[in-house]
Amino acid sequence: MSVKNVDFSSEIKCIYQEFAQKTIQCSQKSAVIFDKQSLSYNEVLHYVQQLSSYLINQCSVKQNQIIYIFMERSIEMMISVLAMSACGLFYTMLDSNNSYLQPTDLIKDRTKSHIVLMHLPTKNTFSNAINDNIRLINVDEILTNKHNSKIIF
């Protein structure tokens, strides 16, 4: 397809806006299915808004800030990606299967980001190698309301 065939006259929306629109149309249908878990569009949107609110209100994130996501493939990972879009943030995925580069090395060298979103399967990776400048956020705790103003593993 050449550039001549692309229609730029319609409004361009981010993925979060498209997802919210789809939620209005079919709120109870399955939006995400992973292994034996599934969530409806309403449930996903609720969790995305919950995580977005936490990031804005508790972590004071700003638009265009870079956040790290260090998770295995999961529903929580998808919710985290949508929350980044909802907040106007950029994200970088850290690979838990990369044995050559440790996540802490990537964080120190690549950006000035100080927030890492994690979940239960990846939380122990940073246990001894993290410093006070990096905030670890357990998304599982945010989504299940088992958090306080500071998330500590």
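We did not get these values from a lab; they are worked out from the coordinates using the rules stated. All values reported here derive from a predicted model rather than from experimental measurement. Because the Cβ atoms are built from the backbone with ideal geometry, glycine has one as well, and the counts that use them run over all protein chains shown.
Counting 0.36 nm for each residue step from residue 93 to residue 124 and taking away their Cα separation leaves a gain of 9.5 nm. With a Förster radius of 30 Å applied to the beta-carbon distance between residue 62 and residue 27, the computed FRET efficiency rounds to 0.45. Applying the Karplus relation 6.51 cos²θ - 1.76 cosθ + 1.60 with θ = phi - 60° to region 59-76 yields 3J(HN,Hα) values of 9, 6, 5, 10, 3, 6, 6, 9, 10, 8, 10, 10, 9, 7, 4, 6, 5, 4 Hz, where x marks Gly and Pro. Using a simple spin-label model with pseudo-atoms 7 Å out from Cα toward Cβ, residue 135 and residue 11 lie 3.2 nm apart.
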